[in-house]
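In what follows, a structure is listed as structure tokens, so that the remarks can point back to it.
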Amino acid sequence: MSAVAQAYFEYPPNIQVLDLATLVSTYRQRGEAFSVPPAEIVSCAVTRRILKRSKRWFGLHYSQKAWDALLTTGSEGYPLTPAEFNILGLAAAPPEDAEALARDFAQKNCGTTAELGYLIINDLIQFGFLSSPNDYELYLTARGEIALDGLSRRLYGTAFDAELLWYQQS
């Protein structure tokens, strides 16, 4: 099933060109308020209007209103992408009837680089969307179920189905 025509956050398709230090720094700065220096011109990636203050996402800038519109129902302010969809979805429906999702499997099958997958998983645990009783198993929490449902509806216009996962389509 293809994505519906609704705007959502996405990681750059060529993110692998970033070295690890730049990736970590850029990932950690996403969503932070940014005051545009007087000599620079920045416009919103959605509205194309010139901004004095913005929120950044991997080189793109957003007005607060555009940023809020891109947040998914149930995300509690956390910017969710197809990569988070794949990780949360794999935790909801682990492959091969496993009881828990293996962390390294999720990192390798989230639709982006394993390094970025590692960062995303850490944040999903910190925000309470996933739980990890040890360093190698992941479980979907009740908050994660709500976020997964909202993201599935944003991306595909339907409730979550394991057939929508990148892993199932590759």
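The values are calculated or read from the model by the stated rules, or taken from the named source; none is laboratory data. Note that the structure is a prediction, hence the values are computed from the model and not measured. Cβ: placed from backbone, ideal geometry, glycine included. Neighbour counts: every protein chain shown. Surface areas here come from the heavy atoms of the whole protein model, side chains and all, with no ligands, DNA or RNA. Shrake-Rupley method; radii C 1.70, N 1.55, O 1.52, S 1.80 Å.
Count of region 143-160 residues, restricted to those that are in a helix (DSSP H, G or I) and polar (S, T, N, Q), is 1. Output the residues belonging to region 161-170 that are outside any loop (DSSP other than H, G, I, E, B) and over 17 Å from THR112 (Cβ atoms). ALA162, GLU163, listed by residue number.
The set of residues in region 115-128 being part of a helix (DSSP H, G or I) and touching an Asp or Glu at 6+ places or on another chain (Cβ under 8 Å) consists of ILE120, LEU124.
You will find that of LEU70, LEU101, the residue that is hydrophobic (A, V, I, L, M, F, W, C) and in contact (Cβ under 8 Å) with a residue 60 or more places away in the chain is LEU70 and no other. Please find, within region 4-18, the residue that is surrounded by the most Cβ atoms within 10 Å (Cβ to Cβ) out of those that are under 18 Å from the mean Cα position of the chain (by Cα) and free of Cβ contacts under 8 Å to residues at least 12 places away in the same chain. Only one residue fits best here, namely LEU18.
Looking across region 68-99, the residues that are of a type in the set (Gly, Ala, Ser) and under 18 Å from ILE125 (Cα atoms) come down to GLY74, SER75, GLY77, ALA83, GLY89, ALA91, ALA92, ALA93. Filter region 46-59 for residues that are farther than 26 Å from LEU130 by Cβ and of a type in the set (A, V, I, L, M, F, W, C); which is most open to solvent (accessible area, probe 1.4 Å)? Residue satisfying both the conditions and the ranking: ILE50.
The set of residues in region 73-104 that are acidic (Asp, Glu) and either outside the structural domain of GLY144 (by the TED database) or surrounded by 19 or more Cβ atoms within 10 Å (Cβ to Cβ) (or both) comprises GLU76, GLU84. Contact map, region 19-43: first residue of a type in the set (Val, Ile, Thr), second residue open to solvent by less than 70 Å² (accessible area, probe 1.4 Å) and not in a loop (DSSP other than H, G, I, E, B), Cβ cut-off under 7 Å, separation 6 or more or different chains; pairs are VAL24/LEU119; VAL36/VAL42; VAL36/LEU51; VAL36/SER54; VAL42/LEU51; VAL42/SER54; VAL42/HIS61.
Looking at region 1-106, the helices (runs of 4 or more DSSP H) lying wholly inside it that each contain 3 or more residues that are in contact with a helix residue (DSSP H, G or I) (Cβ under 8 Å, 6 or more places away or on another chain) sit at 20-29, 82-92.
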